Structures are given as structure tokens and as C-alpha cells.
Amino acid sequence: MKKLLSAWGCTVAVVCGTGAATTINPSNFAAWSPNLGWVNCRGDTANGAVVSEYVCSGFIWGANVGWINLGDGSPLNGIRYQNTAADDCGVNLDALGNLQGFAWGANIGWVNFHPLGTPRIDLLTGNLSGYAWGANVGWISLSNAFAQVQTDAIQPGADSDGDGIADSWERLKFGGLAIATATSDADGDGASDLNEYGADTDPRDAASHLRISGFAVSPGGSPVTATWTSTETRYYRLWGATQLAPATWSELGLGLITPDPGASTTRAFANPAAPSRFYRVEPVRPLFP
Ligand SMILES: [Ca+2]
Ligand SMILES: [Ca+2]
Ligand SMILES: [Ca+2]
């Protein structure tokens, strides 16, 4: 099927019916091009754009130009499209939400998602912004004063060995699928490879793992201030409990926390009156299922 899709004939893919259901929002699906008019990123729903953790796939539709292919979802290196051969082209997504690579329309040629147009996805809202550029069609705007494109989800990458870790991440960090399992801890830092994947820390660096790195209590016992290691690619929630066995964790009321710039985040919160208190921090990817 990969071969059929890589023929770049948009109607081929529709006939094949291999596309996953689109992730694009039913109301916010329209990009705009001065030369093409509206471009429908949901397509016909069954074959519309699909955003996943490392790559995009599926098709967007321009009434005047037909289907535009975002990639077949199966990059040859098992991670991202290299965009150096016709059968390995498509639009990639990085951990910060930036889109980069080439889409293809049989009637319009290549459409370049280039850093100059800053095409990206907001990791909190799923809103797309920036532009793509086609030599034959000019700019295609992913958001404007009237409309925008929004993805309801970012699908986790394929997990063929069923360890809960996207295979792309395993290949990127370990060069293959043999090392990481659902319980392994390759760098022995106490954070499992599965948890390092979830927190976007380095599974080959024992100094890199999610942890509360600082904690200060005000005179009188409340509020307290917690600092934890963080990355721009994740949001966080803080949880508290007054005992560990059994623990009943409660969200501390700060809601979804946007990380501070840099390598750590600090927040203050009320310290409940109790003989003992325990805290933990959870990494969150808002658009993941
Ligand atoms: Ca896996
Ligand atoms: Ca580890
Ligand atoms: Ca680590």
C-alpha cells in the first residue's frame, strides 16, 4: 500500500481507502491561499489530514487543485520523512509543534512547510499557524483573521512492540526497538524509559529525568514552593497526598501548568494542614489521547 500511496496520485489513495480518520477539527479545518481560495484540511474526513507525534499523513483538498498529500505516514527510517526521495516525502512534526517538510499536489507540485513560514501547531490548543509555500501557488495560510486549522489530537506514533513507547522515539534514542521495554531503565536513573518518553527526558543520560529539584516552605508552613525539571515540549500538573500507603492524590488546584522558559519550573501553592505531605509532578501532553 505504501507503493500505491507513494505514487502521489491523490485519487489513488481515495480509492484505496487506507487513510486513518482525520484529526482535524470539524469546525476549524480551512486554510486560505490568495491563489487557491479555501483549502480543506479535513478532506473527505476518511482521508483528511492526520497529525501524529512525528509525522503528518493524509490529504488536504483544494477545490481548484484537488488533493494535496501530506505523506504516507510511513517514513523510510521509521522516524521522520527525509524528503530526499520521492517515496519518502511528507510533512514532519517536531516535539515543539513545528511543521517541516514537503506536501505534494499532482496539479500544483511541491508545497514546502519551511521554517521561514513558521508553520506550527500549538501543543495546548491544537491551533495551526504560519504558512506553507508552493512555487506554483504561493502562500497557504494555516490561520488568518477569518479561519484557522485546528487538530483535535496528536496521535501517538506507531508502537509495534507494544511497550507503550512510540517506535520512532525508540529508534531516535536507542537506534532500534530492542533496548527499551515497558519497564526498562537504560541509564539507571530511576526513571523508566517509558516514563522518560512521557516526560521527554533523555533515556541515555542519568542526569536527565523529571524530578522535583527544589522545595521551600514558608514560615508558618504555607504556601510552599516547588521547583521541578521541565521542558517546553510538555505541560505539567502538580499533585499532593497526605499519605503514601494508600495514597489519595489530589490535584493542587494550579490546573494545567505551562512550563517556565529554560530547564525548570517553579510554582507556589497552599500546603494543606496534615502531619505529612507528599507531592508529585506529572508531565502532560494535552492533545494526546
Ligand atoms: Ca514501541
Ligand atoms: Ca532512565
Ligand atoms: Ca534519563
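The values are calculated or read from the model by the stated rules, or taken from the named source; none is laboratory data. Nothing here was measured: the structure is a model prediction, and the numbers come from that model. Neighbour counts run over all protein chains shown; Cβ positions are idealised from the backbone, glycine included. Just the protein is used for accessible areas: all its heavy atoms, side chains included, with ligands, DNA and RNA removed. Shrake-Rupley method; radii C 1.70, N 1.55, O 1.52, S 1.80 Å.
So, in nm, how far is label LEU124 from label PHE278 when the simple model puts each one 7 Å beyond its Cα toward the Cβ?
The two pseudo-label positions are separated by 3.0 nm.
Set the Förster radius R0 to 45 Å, insert the Cβ-Cβ distance between THR84 and ILE212 as r into 1/(1 + (r/R0)^6), and round the FRET efficiency to 0.05.
Values: r = 43 Å, r/R0 = 0.96.
Rounded to the nearest 0.05, the efficiency is 0.55.
Would you mind calculating the relative contact order of the range 158-208 from Cα pairs under 8 angstrom and at least 6 residues apart, reporting the percent as a whole number?
Worked out over the range 158-208, it gives 26 percent.
Evaluate the range 2-151: find the radius of gyration of its Cα atoms, find its Kirkwood radius, and give the ratio Rg to Rh.
Answer for the range 2-151: 0.92.
Provide the packing ranking of 223-236, 91-104, i.e. peptides ordered by the mean count of other C-beta atoms within 10 Å per residue, highest first.
The most tightly packed comes first, giving 91-104, 223-236.
What does the helix-only formula give at 222 nm for the chain: each DSSP H stretch with n ≥ 4 adding -39500 (n - 2.57), the total divided by the residues, and the result rounded to the nearest 500 deg cm²/dmol?
So the calculated ellipticity at 222 nm is -2500 deg cm²/dmol.
What nm value, rounded to one decimal, do you get for the distance between HIS114 and TRP239 when each label is placed 7 Å out toward the C-beta?
About 4.6 nm separates the two model spin labels.
Taking amide H atoms as placed 1.01 Å from N in the peptide plane, list the residues 5 or more away in sequence, or in a different chain, whose amide H sits under 5 Å from that of VAL39.
ALA31, TRP32, SER33
Residue-wise, which Karplus ³J(HN,Hα) couplings in Hz belong to the range 129-144, taking 6.51 cos²θ - 1.76 cosθ + 1.60, θ = phi - 60°, and x for glycine or proline?
After applying 6.51 cos²θ - 1.76 cosθ + 1.60, I find 8, x, 9, 10, 9, x, 4, 8, 10, x, 6, 10, 8, 7, 7, 8 Hz.
In nm, give the distance between the simple-model label positions of ALA21 and ALA147, each being 7 Å from the Cα along the Cα-to-Cβ direction.
In this crude spin-label approximation the distance works out to 2.3 nm.
With all protein chains present, calculate the accessible area of PHE215 using a 1.4 Å probe and round the result to the nearest 10 Å².
Here the residue's solvent-accessible area equals roughly 100 Å².
So if I place +1 on the C-beta of Lys and Arg and -1 on the C-beta of Asp and Glu, and nothing else carries charge, what would the dipole magnitude of the chain be about its Cα centre? I want it in debye, nearest 20.
Computed about the Cα centre, the dipole is about 600 debye.
Quote the Stokes-Einstein diffusion coefficient, in whole µm² s⁻¹, for the range 86-204, based on the Kirkwood radius over alpha carbon pairs, a temperature of 20 °C and a viscosity of 1.002 mPa s.
131
I need the calculated FRET efficiency for the pair PHE269 and ALA63, taking r as the beta carbon distance and R₀ as 35 Å, to the nearest 0.05. All intermediate terms of the calculation are to be shown ahead of the outcome.
Working: r = 52 Å, r/R0 = 1.48.
According to the calculation, E is roughly 0.10.
Report the one residue of SER57, ASN271, SER230 whose Cα lies farthest in the direction of the positive end of the charge dipole of the chain (charges on C-beta: Lys and Arg +1, Asp and Glu -1; origin at the Cα centre).
It is ASN271.
Among SER250, ALA147, ALA191, whose Cα sits farthest toward the positive end of the charge dipole of the chain (+1 at Cβ of Lys/Arg, -1 at Cβ of Asp/Glu, about the Cα centre)?
The residue sitting farthest along the positive end of the dipole is ALA147.
Go through the range 28-36 residue by residue and turn each phi into a ³J(HN,Hα) via Karplus (6.51, -1.76, 1.60, θ = phi - 60°); whole Hz please, and just put x for glycine and proline.
10, 10, 9, 8, 9, 10, x, 9, 9
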